[in-house]
Amino acid sequence: MGRSRGGLTTKIHAVVDALGLPIKLSLSQGQAYDGHEAHRLLSDLPAKSMVLADRAYDADAIRQMIFDQGAFANIPPMPQRRQKPVFSKHLYRARNLVERFFNKLKHFRAVATRYDKDPENYLATIKLASIRIWMRFNESVA
């Protein structure tokens, strides 16, 4: 999808719920700015929800979009920021749910090795793997 010196690169963007289950997924080029996908993924947040994102999403426009929807942003500020917004390290610990989701996603060989070269097919593979993650979470033990 994207081209760099290392070859074709792709970033997977995900929104997960409080249980670490995927809600929204998208792809972007590896060299592209993460904020462009944030506007699409965070466009319809529930009121009073907490958005935990990494530093790549620290932009005033993204924070304002989250605030306008009645949600709260807990994003670590970029080091060069002059006026640093409020940030809680304690709340930020819950962001490991996103990292756990990506780790579960890497267990699927077709996702980890990126067999599909077409972005639409690759996103479909990621969505199928996400469905399997949902099913595994909701299956009965009995």
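The values are calculated or read from the model by the stated rules, or taken from the named source; none is laboratory data. Not measured: the values here are computed from a predicted model. Cβ: placed from backbone, ideal geometry, glycine included. Neighbour counts: every protein chain shown.
Key figures
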| read-out | value |
| --- | --- |
| Residue satisfying all of: in the stretch 45-57; touching a strand residue (DSSP E or B) at 6+ places or on another chain (Cβ under 9 Å) and in a loop (DSSP other than H, G, I, E, B); farthest from Val16 (Cα to Cα) among these | Lys48 |
| Residue pairs meeting the criteria (Cβ under 9 Å; at least 6 apart or on separate chains; first within 21 Å of Glu139 (Cα to Cα) and touching a residue at least 60 places away in the same chain (Cβ under 8 Å), in the stretch 18-30; second surrounded by 16 or more Cβ atoms within 10 Å (Cβ to Cβ) and of a type in the set (Val, Ile, Thr)) | Gly20/Val98; Gly20/Ile133; Leu21/Ile133; Pro22/Val15; Pro22/Val16; Pro22/Ile126; Pro22/Ile133 |
| Residues of the stretch 102-142 that turn out to be within 14 Å of Leu25 (Cα to Cα) and of a type in the set (A, V, I, L, M), as a count | 9 |
| Subset of the stretch 34-44 [surrounded by 12 or more Cβ atoms within 10 Å (Cβ to Cβ) and part of a loop (DSSP other than H, G, I, E, B)] | Asp34, Leu42 |
| Scope the stretch 1-25; condition surrounded by 11 or more Cβ atoms within 10 Å (Cβ to Cβ), modelled with pLDDT of 90 or more and in a strand (DSSP E or B); matching residues | Ile12, His13, Ala14, Val15, Val16, Pro22, Lys24, Leu25 |
| Members of the stretch 25-57 that are of a type in the set (D, E, K, R) and touching a Ser or Thr at 6+ places or on another chain (Cβ under 9 Å) | Asp34, Glu37, Arg40 |
| Matching residues in the stretch 79-122 - criterion: being within 18 Å of His13 (Cα to Cα), among the aromatic types (Phe, Trp, Tyr) and outside any helix (DSSP H, G or I) | Phe108 |
| Residue within the stretch 60-75 that is surrounded by 15 or more Cβ atoms within 10 Å (Cβ to Cβ), on the phi > 0 side of the Ramachandran plot and touching a residue at least 12 places away in the same chain (Cβ under 8 Å) present | no |
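For (1) modelled with pLDDT under 90; (2) within 18 Å of the chain's Cα centre (by Cα), each residue gets a yes or a no:
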{"position": "Ala56", "(1), (2)": "yes, yes"}
{"position": "Asp68", "(1), (2)": "no, no"}
{"position": "Asp118", "(1), (2)": "yes, no"}
{"position": "Trp134", "(1), (2)": "no, yes"}
{"position": "Glu139", "(1), (2)": "yes, no"}
